[in-house]
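Have a look at the structure below, then the notes.
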Amino acid sequence: MQTDRSKFKILVVDDNQPARQLIKSTLALAGYTGITEAVDGSKALDALQNRKFDLIICDWDMPATTGIEVLRAVRADEALSAIPFLMVTANQQRELVEAAIEAGVYDYVAKPYRLSTLNEKTAKLLGEN
């Protein structure tokens, strides 16, 4: 039986508008409609205080508040700490990946990525498979 993907609330965080749009469009094509965008890490943290999300998809490299800082803030907040966190990054250096794992990232997608990879990881993190 197919899961009703419209019930999931997903926060997409990226300072790059085309990158946000690509993620949002990919998710929408897969049936996810409850998508909220944040243009940077601080706006993401504001959104997390005001709404409940089932998944965070966040870019690593952003000015002011980076993705790893958002991840650490989410993990430090008892009310948010259980939300699955998918990091999207062009950084594939071992020490950065290890830092994200230590901070509590659930998974990551390396840029450039296949749209099918994003869909598969999203479904997995939302418990669909």
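The values are calculated or read from the model by the stated rules, or taken from the named source; none is laboratory data. Keep in mind that this is a model prediction, so the values were computed, not measured. Quick reminder, even Gly has a Cβ in these numbers, built from the backbone with ideal geometry, and neighbours come from all protein chains shown. Note: accessible area is taken over every heavy atom of the protein model, side chains too, but ligands, DNA and RNA are not part of it. Shrake-Rupley method; radii C 1.70, N 1.55, O 1.52, S 1.80 Å.
Structure summary
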item: Proximal lysines relative to residue 124, as straight alpha-carbon distance under 24 Å, when same-chain residues fewer than 8 apart are discounted; result: 7, 9, 24, 52, 111
item: GNM flexibility winner over the chain from 51, 72, 20 (Cα, springs under 10 Å); result: 51
item: Candidates 37, 102, 69, ranked by Gaussian network fluctuation over the chain, Cα under 10 Å, top entry; result: 102
item: Dimensionless Rg over Rh [the chain; C-alpha; Kirkwood]; result: 0.93
item: Summed side-chain charge close to residue 18 - residues other than residue 18 whose Cβ falls under 14 Å, Lys, Arg +1, Asp, Glu -1; result: -1
item: Kirkwood hydrodynamic radius of region 1-47, from inverse mean 1/r over distinct Cα pairs, in Å; result: 11.1 Å
item: MRE, 222 nm, helices only [DSSP H, n ≥ 4, -39500 (n - 2.57), over the chain, to nearest 500]; result: -12500 deg cm²/dmol
item: Probe 1.4 Å, accessible area per residue of the chain, Å²; result: 53 Å²
item: Neighbourhood net charge (15 Å Cβ-Cβ; Lys/Arg +1, Asp/Glu -1) for residue 75; result: -4
item: Computed magnitude of the charge dipole of region 25-129 (debye, nearest 20; Cβ of K, R +1, Cβ of D, E -1); result: 220 debye
item: Most mobile of 116, 25, 81 in a GNM of the chain (Cα contacts under 10 Å); result: 116
item: Local electrostatic count, residue 28, Cβ distance below 15 Å [Lys/Arg +1, Asp/Glu -1]; result: +3
item: Percent carbon-and-sulfur accessible area, the chain, ignoring ligands, DNA and RNA, probe 1.4 Å; result: 50 percent
item: Alpha-carbon centroid distance for the pair region 58-99 / region 110-129, whole angstrom; result: 17 Å
